[in-house]
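Some notes on the structure that comes next.
The values are calculated or read from the model by the stated rules, or taken from the named source; none is laboratory data. What you see is a predicted model; the values in this text were computed from it and never measured. Quick reminder, even Gly has a Cβ in these numbers, built from the backbone with ideal geometry, and neighbours come from all protein chains shown.
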Amino acid sequence: MSWNRKDLITIEELSKDEIEKIFAVATAFKKTFGRSVKKIPALRGKTIVNLFLEPSTRTRMGFEVAAKRLSADVISLDMNSSSTTKGETLRDTAQNVQALKADMIIIRHSAPGSPLYLSKILDIPVVNAGDGAHEHPTQALLDCFTLLEKLGNLKGKKITILGDIIFSRVARSNIWAMTKLGAEVTLVGPSTLVPHWFTNFGVKVSHDLQASLEDADAVMLLRIQHERQTSSHFPSIGEYTNMFGLNKTRASWLKPNAIIMHPGPINRGVEIDSDLADSEQSVILDQVTNGIAVRMAVLYLCSGGSPEAVIKHSN
Amino acid sequence: MSDILWIQNGRIIDPLSNRDESGDLYAIDGRIVDSLSHKQQEEAHIIDAKQAVVCPGLVDIHVHFREPGQTHKETIESGSWSAAAGGFTSVVCMPNTTPPADNPGTIQLIQNAIKKAAIRVYPSGCITIGMKGEKLASTGSMKKAGVVCITDDGMCIQSNELMRRAVEYANMFDMPVMDHCQDESLTKGSVMNEGVVSTRLGLNGWPASAEDIIVSRNVILSTHTGAHIHLQHISSATSVDIIRRAKQRQIRITAEATPHHLHLTDESLATYDTNFKMNPPLRTEADRQAIIEGIKDGTLDCVATDHAPHTNYEKDQEFDYAPFGIVGLETSLPITLEVLHREAAMSLSDTISLLTDKAAAVLNLEGGNIKTGARADITIFDPDETRTVDPDKLLSKSKNSPWIGCEMKGRVKLTIVGGKIVYDGEKIVC
């Protein structure tokens, strides 16, 4: 049960086995959460650089917390303080980070493919924290980890992803992760935000909200990504909420034990009714907490850590 | 050195005169002649073609030589070396220089630089001032300065009214207008073909309809005005179909295809390699097949490279930020042979025709044939010799080729311009 990757760039390239390996390690790490001293010395002496060239709250904090729990030293650079604003190329910024003897780079970038580009340049591990509309692997991992906690198994489970799919890296990574784990995924939203191309990836595309909610075991809501839209993809936020927002009536179509997920940031009253976000069915904050465990596992494994050592130790 | 040239033991292919035979080719003082007298034979410079193909010097009506203003990417001189190494003896350089070639003064500057070129370089001029699509540039004055066509290549005139006036006006001078067909309202932020691959990669999609709409617009304007419009680098199956129907109605439309659209598809972008980022973007296999069909049935008139040099550091960026375009002059012949001759089973002569007489015919350029009396612009190549594309050996200043490291069949042995050898198979010799 070894791990052979130095980088985590996409979910698409992972096998089901590798995903489950990450989850086994994450489960072991999660057991430490209840301790009063939460730090473990797994990455002591290692320096991890968080290179965030696009705004982020949850993901950046999630990675920072995860790295610190593993006793790594973390340096976070955001788009305003990095040299990219002075015209430095990504290659030069990254090579400087490596020359400063960092042991790993976590990158968030608006340009798809940037983490892959970096991984070809650098010898140190590169972890993708979201690249444009391409992938957000650790988000999908923490989503599926949460789903497994709540549903037990994803085989044959029906999951509906609702919202702005075309601009969503979360949707893409989850499509790969969920289908690899055996779930049946349906994408729902306005036709302009859920193009038919997605049917090539082993998922269904629907514009019928009721049908897609009625038999779902879980529904994942995605925010409208204003910052990525190059033109008007739908008439208005009001129309979107009217046609596709998850309100109480529509939530009543869900099975009673179906869960509601959202990767955040949520826009209350837009894609999700405010009360529903805080309801019993909502697992939104569990997702955030699980993000720590999953990211600890990813940082640990990509640094060359042995899965067995952690799993055995936790038992 | 004698001005008499005697090429022996060649496979002489001249598509325009339907000539394809083993034999010799002769030239005196830069022109093709029927035969040589005994005395002339004694004085002739003899070249043994060793059974290689001897054909008209290749013609490319779409290259970017970046001079003036972007000479870190290419100069007219370095571009001409690249062309000579690729077997080209005549090229038309695009006017999107810095400043744009939109007036006779800038054209004269380019004409001065052309004196250093190893091959024949013809300038083109902009359709609109600064290629801004707002006001017509001085077409007539630029014609006097020597431009062979006008185009805002890279930019597409969005105003139908302005395009209508441009072609109507240029038609008075028999000046072909070449258009880069792109409806910009459909391609904001787009970096690759819209489809399954762009959806998977999360890259902003560029629908083929952006090209199809302008191709239709141009067919309609040509119908209305009677002016000749040449459609540059066609990439979409629907566009091929629109052009085919227009030609059936005798509309004065011509069109070109690039070697990369003939050879590659958007599947090549899987690793975000910026050497596959071009405008128009690589499209699907169905589009590629339609372009091959369009070439075979004459819907598309010729092959042109859209040779677009960019430095390594410009291409070495995030995919979204890298400039569009690839170099193509030194790979055009082998790729065209690969796709059209070997894959699509066109005859060698018909394939060469797309790179010679048919390319010249689009813009009424002299050249593209080796009939008696024609200029002695000659290319000798071995269609079967293989070579690996090595960036260090490309003569272009820029190395942004998608075929780096690929083995290619078809190697230029000699390039002759006006009876003088300019490239000897290894290096420039003029």
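Return yes when A:V97 is away from chain B (no Cβ under 14 Å), among the aliphatic types (A, V, I, L, M) and over 23 Å from the mean Cα position of the chain (by Cα) and no when it is not.
On the way: away from chain B (no Cβ under 14 Å): yes; among the aliphatic types (A, V, I, L, M): yes; over 23 Å from the mean Cα position of the chain (by Cα): yes.
Answer is yes for this residue.
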*Give me a count of the residues in region B:1-46 that are under 29 Å from the mean Cα position of the chain (by Cα), surrounded by 19 or more Cβ atoms within 10 Å (Cβ to Cβ) and of a type in the set (G, A, S).*
2
*In region A:166-183, is there at least one residue being more than 27 Å from B:W206 (Cα to Cα), away from chain B (no Cβ under 14 Å) and either touching a Gly at 6+ places or on another chain (Cβ under 8 Å) or at pLDDT below 95 (or both)?*
yes
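Within the bounds of region B:1-15, is there any residue that is part of a helix (DSSP H, G or I) and within 24 Å of B:A359 (Cβ to Cβ)? Don't jump to the end; show me each part of the working.
Residues of region B:1-15 part of a helix (DSSP H, G or I): B:15.
Next, only the ones that are within 24 Å of B:A359 (Cβ to Cβ) stay: B:15.
For region B:1-15, residues part of a helix (DSSP H, G or I) and within 24 Å of B:A359 (Cβ to Cβ): present.
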*Of all the strands (runs of 3 or more DSSP E) wholly in region A:188-299, which have at least 1 residues that are of a type in the set (S, T, N, Q) and under 23 Å from A:M178 (Cα atoms)?*
A:204-206
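Is it true that A:T160 is within 30 Å of A:K46 (Cβ to Cβ) and crowded, with 24+ Cβ neighbours inside 10 Å? If you could, list the steps in order and put the result at the bottom.
On the way: within 30 Å of A:K46 (Cβ to Cβ): no; crowded, with 24+ Cβ neighbours inside 10 Å: yes.
Judged against the criteria, A:T160 is not a match.
Looking only at residues in region B:407-424 that are within 14 Å of B:L333 (Cα to Cα) and of a type outside the set (A, V, I, L, M), which one is farthest from the chain's Cα centre (by Cα)? Give the derivation first.
Of the residues in region B:407-424, the ones within 14 Å of B:L333 (Cα to Cα) are B:407-415.
Of the ones still in play, those that are also of a type outside the set (A, V, I, L, M) are B:407, B:409-411, B:413, B:415.
On the way: B:E407: 22, B:K409: 20, B:G410: 18, B:R411: 18, B:K413: 20, B:T415: 17 Å.
So, considering only residues that are within 14 Å of B:L333 (Cα to Cα) and of a type outside the set (A, V, I, L, M), the one farthest from the chain's Cα centre (by Cα) is B:E407.
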*Since A:R108 meets every condition but one in (1) basic (K, R); (2) within 14 Å of another protein chain (Cβ to nearest Cβ); (3) surrounded by fewer than 16 Cβ atoms within 10 Å (Cβ to Cβ), which condition does it not meet?*
(3)
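Do we have any residue at all in region B:113-130 that's under 20 Å from B:T223 (Cα atoms) and touching a residue at least 40 places away in the same chain (Cβ under 8 Å)? Outline the logic, then answer.
Within region B:113-130, the subset under 20 Å from B:T223 (Cα atoms) is B:127.
Still in the running and touching a residue at least 40 places away in the same chain (Cβ under 8 Å): B:127.
Yes: one or more hits.
Quick check on this structure: which one of B:I352, B:I326, B:I380 is under 28 Å from B:M155 (Cα atoms) and modelled with pLDDT of 95 or more? Step through it out loud before you land on a result.
Details: B:I352 fails: under 28 Å from B:M155 (Cα atoms); B:I380 fails: under 28 Å from B:M155 (Cα atoms).
That would be B:I326, the only listed residue that is under 28 Å from B:M155 (Cα atoms) and modelled with pLDDT of 95 or more.
Does B:I129 meet the test of being of a type in the set (V, I, T) and surrounded by 23 or more Cβ atoms within 10 Å (Cβ to Cβ)? Reasoning before the result, please.
Numbers: of a type in the set (V, I, T): yes; surrounded by 23 or more Cβ atoms within 10 Å (Cβ to Cβ): no.
No; evaluated as a whole, the condition is false for this residue.
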*Taking interchain pairs and intrachain pairs at least six residues apart, which have beta carbon atoms under 6 angstrom, with the first residue in region B:195-212 and facing another protein chain (nearest Cβ under 8 Å) and without any contact (Cβ under 8 Å) to a residue 12 or more places away in the chain and the second surrounded by 22 or more Cβ atoms within 10 Å (Cβ to Cβ) and of a type in the set (A, V, I, L, M)?*
B:G202/A:A133
*For the subset of region B:311-347 comprising residues that are touching a residue at least 60 places away in the same chain (Cβ under 8 Å) and within 14 Å of chain A (Cβ to nearest Cβ), which member is nearest to B:L269 (Cα to Cα)?*
B:F319
*List the number of the failed condition for A:N153; all other conditions in (1) polar (S, T, N, Q); (2) in a loop (DSSP other than H, G, I, E, B); (3) not assigned by TED's automatic domain parsing to the domain that holds A:V188 hold.*
(3)
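Yes/no matrix, rows are residues, columns are (1) farther than 27 Å from A:E18 by Cα; (2) among the aromatic types (F, W, Y):
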| site | (1), (2) |
| --- | --- |
| A:I166 | no, no |
| A:A171 | no, no |
| A:T192 | yes, no |
| A:N200 | no, no |
| A:V203 | no, no |
| A:L222 | no, no |
| A:G245 | yes, no |
| A:W253 | yes, yes |
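Given the structure, is A:P125 of a type outside the set (D, E), more than 25 Å from A:F167 (Cα to Cα), more than 11 Å from every other protein chain (Cβ to nearest Cβ) and within 20 Å of the chain's Cα centre (by Cα)? Give the steps one after another, and end with the answer.
Values: of a type outside the set (D, E): yes; more than 25 Å from A:F167 (Cα to Cα): yes; more than 11 Å from every other protein chain (Cβ to nearest Cβ): yes; within 20 Å of the chain's Cα centre (by Cα): yes.
The answer is yes for A:P125.
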*asked:* Please count how many residues of region B:159-194 are within 14 Å of chain A (Cβ to nearest Cβ) and either surrounded by 19 or more Cβ atoms within 10 Å (Cβ to Cβ) or within 20 Å of B:V215 (Cα to Cα) (or both).
replied: 11
*When region A:142-157 is examined, which residues are found to be surrounded by fewer than 24 Cβ atoms within 10 Å (Cβ to Cβ), of a type in the set (A, V, I, L, M) and touching a residue at least 40 places away in the same chain (Cβ under 8 Å)?*
A:L148, A:L151
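Hand me the list of helices (runs of 4 or more DSSP H) wholly inside region B:319-430 holding 2 or more residues that are surrounded by 21 or more Cβ atoms within 10 Å (Cβ to Cβ) and polar (S, T, N, Q). Show your work before the answer.
Working: elements: B:332-336, B:348-355, B:357-362.
Output list reads B:332-336, B:348-355.
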*Of the numbered conditions (1) part of a helix (DSSP H, G or I); (2) in contact with a Phe, Trp or Tyr (Cβ under 8 Å, 6 or more places away or on another chain); (3) among the basic types (K, R), A:R108 fails exactly one; give the number of that condition.*
(1)
*Report yes if some residue within region B:61-70 is buried (at least 19 other Cβ atoms within 10 Å of the Cβ), in a strand (DSSP E or B) and among the hydrophobic types (A, V, I, L, M, F, W, C); otherwise report no.*
yes
*Please tell me if B:A270 is within 14 Å of another protein chain (Cβ to nearest Cβ), assigned to a helix (DSSP H, G or I) and touching a residue at least 24 places away in the same chain (Cβ under 8 Å).*
yes
